[in-house]
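The block underneath contains the structure these notes are about, expressed in structure tokens.
The values are calculated or read from the model by the stated rules, or taken from the named source; none is laboratory data. No experiment lies behind these values; they were computed from the predicted model shown. As a convention, Cβ positions derive from the backbone with ideal geometry for all residues, glycine included, and neighbour counts pool all protein chains shown.
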Amino acid sequence: MNPNAPRPPDPAAMLGHALADAEVAQPWPAPTIAELAAAFPELTLHDRVGQGGMAAVYHATQQRLGRAVALKVMRPDLAKQPQFTERFVREAKALATLSHPHVLAIHDFGERAGFCYLVTEYVDGANLRELMQLGRLSPDEVLRIVPQICAGVHFAHQHGVVHRDIKPENVLVDRHGQVKLADFGLAKLAGAPGPALTRSSVVMGTPHYMAPEQWHGSAGVDHRADIYSLGVVLYELLTGRLPVGTYAPASAQPGVPAGVDPIVQRSLQQEPDLRYQSVRDVQKDLERQRGTTPPPIPEAARATAGPHASAVKLLVAGALAPVIGLPVLTIFQYHEHELGMHRFSQRIQNQNHEQIAEQITRVIANGKPWPGSAPQAVQPLPQYELTDKLDLLVCFVGGAILVTVVMLLGAAAWRRTRHAGASRIQQMLAGVLFSLPVVGSASVGLCGIVDKLRTEWLFGVLGVFLIVANGAFLRWLWRLTARRLPGAAGPLGRGTRATLWLAVVATLGLAAIVVFGPRQPAPPIIARLPIAAQKLVGLTRLQLLERLGPPHAITATKERMTWSYRSLDGNVRADAVQLVLGTVVSIENPNLILVPAPQPESGGSIGQTRDELVAARGNVRRSQGDQHGGEIEFVDGTIAKLSPDGIVLQLGK
Amino acid sequence: MTFQTTRWSLILRARSPGSAGERALGELLGAYWQPVYVFYRRLGANRDDAADLTQGLFTDLLARGDLADADPGRGRFRTFLRTCARNWWSNERERAKAEKRGGDARLLPLDPDDAEAWLAVQPIDSLDAEALFERRWACTVLDRAVWRLEQDELAANRREQFAVLRSVLDGNPPARPWANLARELDTTEGAVKVAAHRLKARFRDLLAAEVRRTLPDEAAAGAELQELLAALQKRAGGPKPGDYR
């Protein structure tokens, strides 16, 4: 007794799903099985299988023949109105004349105990609407099903019957995939004189599937209205959407051959004369397309759809990126050139200075003059070139990531909008819109980080901010589009999300390399070498001695000293540096390179104070003049001449 | 494809002891013993005691003959059984304990293994005994509907198709694309989808039919199913075991 079935993984989901699918409340009370059983004693009634606006359908068995039948019972209150009974009887008549494998067969009809009824063959299956609810049919299957409908409709047309209400609900499919066209409820007997009700501007049919001429209730509705409805059904089956407004071509759906588009278009012409004139032609054209549907995606490939497929796409995009990334690389280079020039020139200058300084040191050590003309302190800036490997790497990888993300985002936007049924232009627009903020933020933001963070942190912060702000903008744009195109609603795909994260991580990593990566050390030698005279202004006497060493000679007036130095070319510059109150106030020529005097006879004492000199030599024999100026004679006979403020001017025997 | 005719409504109407009504009640109890069993387990009975209590309760119910007098409110079979189970626990437990070793003939071949396996994966701490009873009841209804569906499909020689399409009952799309399923089953995509649709429709019917068996009034199947869904979705709360209202 105990059912030993394996338990469903989630009973709540199972029961919830079953209840969600349950029929919604019906607009009118259908007759109960008991009521009908009394009226139809020859039938064994099982259950109600459907209910529409005008009729209810029951599953029954004809006892005498033991065959399954469907009993269609008109809504009782409508059945009391004469024109409805008339229409019902007409449906029965229309159906009764038709015997075709793709038309629902009628066994009996009439009126009994106040019930207008119709006994038809029972189809153990589902209608197209119900099949669509399980997911869109593959294009191949649509091209198998619709020609069957066409065959049934064509057969009816040949017998003067126009269906006038072709829609997915009226197309039944049995367990073998066979199609049966049902519900010729609105069919008109073309040969018979038009009954009053069709001319009374009563609009009959289901709005979305009705041909324009049916909308107007015009009396001239003929079999070409069915062709229009067929076109709508065909389009809806292929795309899952109704062809309203400027609808996207059906071939925008994956797997739908482009040859289907003209068939849809021609069926949906507003003017009946411009449509197909025979359903047979529609059928033939569709059957011709059938052979051309691309083979379904193999299972193996299908099974990997999702993250794996995204990874493959990412790899492909990554491989393509360097090629397509070249223009982007150029943009990076341009930015480097503009923003990074300062940094680069500084570095190269420093390199030059070091070389010069080395040479100067050598010259000074040899005590020989500088060969040729004096080097310029400020070299002309070298032409910009990408020599720094790290910068090259950053530019290239950055460009590759940028292009990858842009491509993937664009593709995602394209896919989404295509599923939403957007036109090709809308798709392109969406692709560009989604990728633009990334291009903008990445190029500006990343360059900001690359070029500026080392020197000006504010620009780096600005770059980060730009990226974040544009990310937020992108998200907003995405949602906006989703609202405008309801079919595109829903979160980002897993693959796209993963890609975005990857890009964020890669960008941050790149920024980290730039910020924390190896740097060019500042050249300390520059500060210590006697390079340019222009750098001397403002120095004190001691600093000057430290920087350039003792001068060649000093001439002093009361308030001013003039120190002479040799320049690099060997000439003695008598008024190279002027000091007032112990500080350098002016120089002779800012572009001169000054070098210390050779060490010899003066012993490097010129420029020292009296106290320093005494401390260095000792043994003063005689001191003349006041405390500061005058002369000092040492024991060894050396005589030092001092300036009024006590600086050694000359030293000699 | 045959429906069992055992119905709670018929049992309520059957007045004579030892009649078809009694046999029908036996069948219903046999189908829904697990909720009672897990109810007692949740109240603290061990495996053997819970089985004995269930057997004792069922023996008592069947021996009573005329349920109409005994049943509280002639309600649904589910609430009836739950109330009886609770009363049995409160009133008869001591006596039953004293008598149970007497070696009464077992009315039903209860196999607690299934029920124990089910219990093992339930959030027992957050559910009181009544809630657990309801939950198991809902699962039993589902199990029975699935089981019947499977029997139907096997009888119609569609074993393979049922195995493939079973997941649609949960509302999940099948694991593989429809077109591939069609190729596997050597039919068309439309036919596979028709089969899936019919399977779902049939499952709904069987669920409703199963639930109707337990109702005094067959029209209320929808409301009963909603209550069962609520019982399944219930996660926590409710009175603690012992403070029975």
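Overview of results
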read-out: Filtered residues of the stretch B:171-204 (kept if at the interface with chain A (Cβ under 7 Å from one of its Cβ atoms), closer than 24 Å to A:Arg48 by Cα and charged (D, E, K, R)); value: B:Lys193, B:Arg198, B:Lys200, B:Arg204
read-out: Any hit, the stretch B:160-170, residues being among the aromatic types (Phe, Trp, Tyr) and within 9 Å of another protein chain (Cβ to nearest Cβ); value: no
read-out: Segments classed as helices (runs of 4 or more DSSP H), wholly inside the stretch A:115-206, with at least 3 members that are more than 14 Å from chain B (Cβ to nearest Cβ) and at pLDDT 85 or above; value: A:139-158
read-out: Residue match in the stretch B:189-204 (condition: at pLDDT 85 or above, under 29 Å from A:Pro168 (Cα atoms) and not in a helix (DSSP H, G or I)); value: no
read-out: Of residues in the stretch A:15-36 being at pLDDT below 80 and assigned to a loop (DSSP other than H, G, I, E, B), the one nearest to the other protein chains (Cβ to nearest Cβ); value: A:Ala22
read-out: Candidate set from the stretch A:77-134 (those that are surrounded by fewer than 19 Cβ atoms within 10 Å (Cβ to Cβ), more than 21 Å from A:Phe40 (Cα to Cα) and free of Cβ contacts under 8 Å to residues at least 40 places away in the same chain); member that is farthest from the chain's Cα centre (by Cα); value: A:Pro82
read-out: Residue ID - farthest from the other protein chains (Cβ to nearest Cβ), chosen from residues in the stretch B:109-155 that are in contact (Cβ under 8 Å) with a residue 24 or more places away in the chain and farther than 29 Å from B:Gly26 by Cα; value: B:Ser126
read-out: Enumeration of residues in the stretch B:205-224 that are in contact with a helix residue (DSSP H, G or I) (Cβ under 6 Å, 6 or more places away or on another chain) and either within 7 Å of chain A (Cβ to nearest Cβ) or assigned to a helix (DSSP H, G or I) (or both); value: B:Leu206, B:Leu207, B:Ala208, B:Glu210, B:Val211, B:Arg212, B:Glu218, B:Ala221, B:Glu224
read-out: Some residue of the stretch B:61-69 being within 21 Å of B:Leu228 (Cα to Cα), surrounded by fewer than 15 Cβ atoms within 10 Å (Cβ to Cβ), at pLDDT below 65 and touching a helix residue (DSSP H, G or I) at 6+ places or on another chain (Cβ under 8 Å); value: no
read-out: Residue within the stretch A:226-237 that is in contact with a helix residue (DSSP H, G or I) (Cβ under 9 Å, 6 or more places away or on another chain), under 14 Å from A:Pro139 (Cβ atoms), assigned to a loop (DSSP other than H, G, I, E, B) and at pLDDT 80 or above present; value: no
read-out: Unique residue being modelled with pLDDT of 75 or more, small (Gly, Ala, Ser) and more than 30 Å from A:Ile401 (Cα to Cα) when the list is A:Gly603, A:Gly607; value: A:Gly607
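Matching residues to (1) modelled with pLDDT of 80 or more; (2) within 13 Å of chain B (Cβ to nearest Cβ):
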site: A:Ala13; (1), (2): yes, yes
site: A:Gly52; (1), (2): no, no
site: A:Ala60; (1), (2): yes, no
site: A:Arg64; (1), (2): yes, no
site: A:Val69; (1), (2): yes, no
site: A:Ala79; (1), (2): no, no
